[in-house]
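Visitor: Once you've had a glance at the structure underneath, I'll fire off some questions.
The values are calculated or read from the model by the stated rules, or taken from the named source; none is laboratory data. What you are looking at is a predicted structure, and each value in this text was computed from that prediction instead of being measured. Note: ideal-geometry Cβ built from the backbone for every residue, glycine included; neighbour counts use all protein chains shown.
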Amino acid sequence: MTKVGFSLLLAVALTAPLLTRPARAEETCILCHRQLREARLRRPAVEWPTSIHAQEEVSCVLCHGGNGEDETVSAHDPDSGFIGRLSPMQQAERCGGCHGSTEGDHAPDEASDAWAQWRQSAHGRAAEAGSFAPGCADCHGAHAVHEVTDPRATVSRANVVETCAYCHADPGLMADTTLPDDQYDQYIESVHGRKLAEGDPDVPTCADCHDAHGARHGTEAAATGCKHCHEEIGAAFDRGRHHEVFANYGFVDCVECHGSHEVAEPGAWLIGGGAQAACRRCHGRGQEVFDKVRKLGVDVNRAEQALAAASDEKRQELEETRRGMVLALHALDIDGVSGAADRIVSSVGPVDTTDAQAAPSSHQPAHAGRAFWSAVVLGGLFLLTLLGGVLVGRARRRRS
């Protein structure tokens, strides 16, 4: 035998075990699914290799079950635990095997209670009751799963609002719930939504206020979400009389004045007795406290006008005073607000200030003028109706 022939024989002998060994589960699944003509069945094989699960060697079988070493359709044998399309509860159970434990080869580096949080959330309770609810794959993706910090992830800061909106902005899906379907539209027009679109890393997304897995809502979302970012203002509010009153009436702290998803840029328009002022929702004309409420608006407005007329250097110099005024306002310290406004105005010098009720801030939201124009339209319709009645009356008299 020649040296060349011996070398070929040796190569075959050494590689034969490799050629005949059973393929790993993910290899078998991908080899088959890549050749399928139907896009929905081929897509997983294309997307999975780029995912974090592929990097961590999480196989198809670990999620779907089945026999990953079988190269025929028998790999899908239900007796081997195969599930092609997992329900939300099944997704949570399979994902929770890793993301609800620190044990096992594929467990995260740190303890994760995502599984427990989801089960206790509104989403988890709905799924457990058999109602519509999103599972892990609906938010994170089924096969193209990426880390939260990866810009490609459906739950990254840049994408999570759109991901939530996929369900929460769908009137058909929301019809079977008590939830509105306009929260997404409100958020993207809000001060938070605009700043997020500008790339501000500090503004909250849905996951920041409502929690990614626990799905907080109402009072809990406001207390945890708003006060997590606005901690100092939240503490000032808790010191004020409103904190106790809101609790007695079942009000949601920050939301009652600022709104939940439609949060606008705050300003003097929000304070006092003006038509759009939050204070007026509870304290209308004729109440003893109304004059105090109106004075608050006037004080905040004159401080705003003075700061708007000041130089950048002067505004920076007065920032601490302005901040103190905001804290005093949330603590319902009327004298503190007035004193801070006095210091700001006297420091800047005389400016042409206007009553907050007469000249709302330029940051007033787009809907702030609706009350005025509604009144104009209704008045016009009333006049047209009255004129029509007069004309009809004249016509009848002529016929008679």
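Visitor: Between a residue in the stretch 293-321 that is more than 18 Å from Ile233 (Cβ to Cβ) and without any contact (Cβ under 8 Å) to a residue 12 or more places away in the chain and any residue that is among the hydrophobic types (A, V, I, L, M, F, W, C) and crowded, with 18+ Cβ neighbours inside 10 Å, which pairs come within a Cβ distance under 7 Å, given they are 6 or more apart or on different chains?
Guide: Sorted first by the residue in the stretch 293-321, then by its partner, the pairs are Arg315/Leu307.
Visitor: Another question, then. Taking the stretch 252-288 only, how many residues are touching a Cys at 6+ places or on another chain (Cβ under 9 Å) and surrounded by fewer than 17 Cβ atoms within 10 Å (Cβ to Cβ)?
Guide: 2
Visitor: Given the options Ile233, Ile188, name the one that is touching a residue at least 60 places away in the same chain (Cβ under 8 Å), among the hydrophobic types (A, V, I, L, M, F, W, C) and not assigned by TED's automatic domain parsing to the domain that holds Ala114.
Guide: It is Ile233.
Visitor: Follow-up question, since we're still on this one. Report yes if some residue within the stretch 307-317 is assigned to a loop (DSSP other than H, G, I, E, B), more than 29 Å from Tyr184 (Cα to Cα) and not assigned by TED's automatic domain parsing to the domain that holds Leu179; otherwise report no.
Guide: Yes: the stretch 307-317 contains one or more residues that are assigned to a loop (DSSP other than H, G, I, E, B), more than 29 Å from Tyr184 (Cα to Cα) and not assigned by TED's automatic domain parsing to the domain that holds Leu179.
Visitor: Which of the residues that make up the stretch 258-317 are aromatic (Phe, Trp, Tyr) and in contact with a Ser or Thr (Cβ under 8 Å, 6 or more places away or on another chain)?
Guide: Trp269
Visitor: In this structure, is Gly193 over 30 Å from Ile83 (Cα atoms) and in contact with a Phe, Trp or Tyr (Cβ under 7 Å, 6 or more places away or on another chain)?
Guide: yes
Visitor: Considering each of Asp181, Asp200, Asp238, Asp176 in turn, give the residue that is at pLDDT 90 or above and surrounded by fewer than 15 Cβ atoms within 10 Å (Cβ to Cβ).
Guide: Only one candidate qualifies: Asp200.
Visitor: Here is a follow-up. Of the conditions (1) free of Cβ contacts under 8 Å to residues at least 12 places away in the same chain; (2) over 24 Å from Arg85 (Cα atoms), Gly172 fails just one. Which one is it?
Guide: Checking Gly172 against (1) free of Cβ contacts under 8 Å to residues at least 12 places away in the same chain; (2) over 24 Å from Arg85 (Cα atoms), the one that fails is (2).
Visitor: Filter the stretch 234-266 down to the residues that are in a helix (DSSP H, G or I), of a type in the set (A, V, I, L, M) and under 17 Å from the mean Cα position of the chain (by Cα) and list them by number.
Guide: Once the filter is applied, which keeps residues that are in a helix (DSSP H, G or I), of a type in the set (A, V, I, L, M) and under 17 Å from the mean Cα position of the chain (by Cα), the stretch 234-266 yields only Val255.
Visitor: I'd like the full set of residues that are aliphatic (A, V, I, L, M) and surrounded by 15 or more Cβ atoms within 10 Å (Cβ to Cβ), limited to the stretch 184-197.
Guide: Ile188, Val191, Leu196
Visitor: Considering every residue within the stretch 79-91, establish whether at least one is at pLDDT below 90 and surrounded by 14 or more Cβ atoms within 10 Å (Cβ to Cβ).
Guide: Looking for residues that are at pLDDT below 90 and surrounded by 14 or more Cβ atoms within 10 Å (Cβ to Cβ), one finds at least one in the stretch 79-91, hence yes.
Visitor: What's the number of the only condition in (1) in contact with a helix residue (DSSP H, G or I) (Cβ under 9 Å, 6 or more places away or on another chain); (2) hydrophobic (A, V, I, L, M, F, W, C); (3) outside any loop (DSSP other than H, G, I, E, B) that Ala275 fails to meet?
Guide: Here Ala275 meets the rest and fails (3).
Visitor: Follow-up question, since we're still on this one. Could you say whether any residue in the stretch 216-224 is closer than 30 Å to Glu93 by Cβ and not in a helix (DSSP H, G or I)?
Guide: Checked against the condition, which is being closer than 30 Å to Glu93 by Cβ and not in a helix (DSSP H, G or I), the stretch 216-224 yields at least one hit.
Visitor: Additional query: Within the stretch 215-235, count every residue that is over 20 Å from Tyr184 (Cβ atoms), buried (at least 18 other Cβ atoms within 10 Å of the Cβ) and of a type outside the set (A, V, I, L, M, F, W, C).
Guide: Number satisfying all stated conditions: 1.
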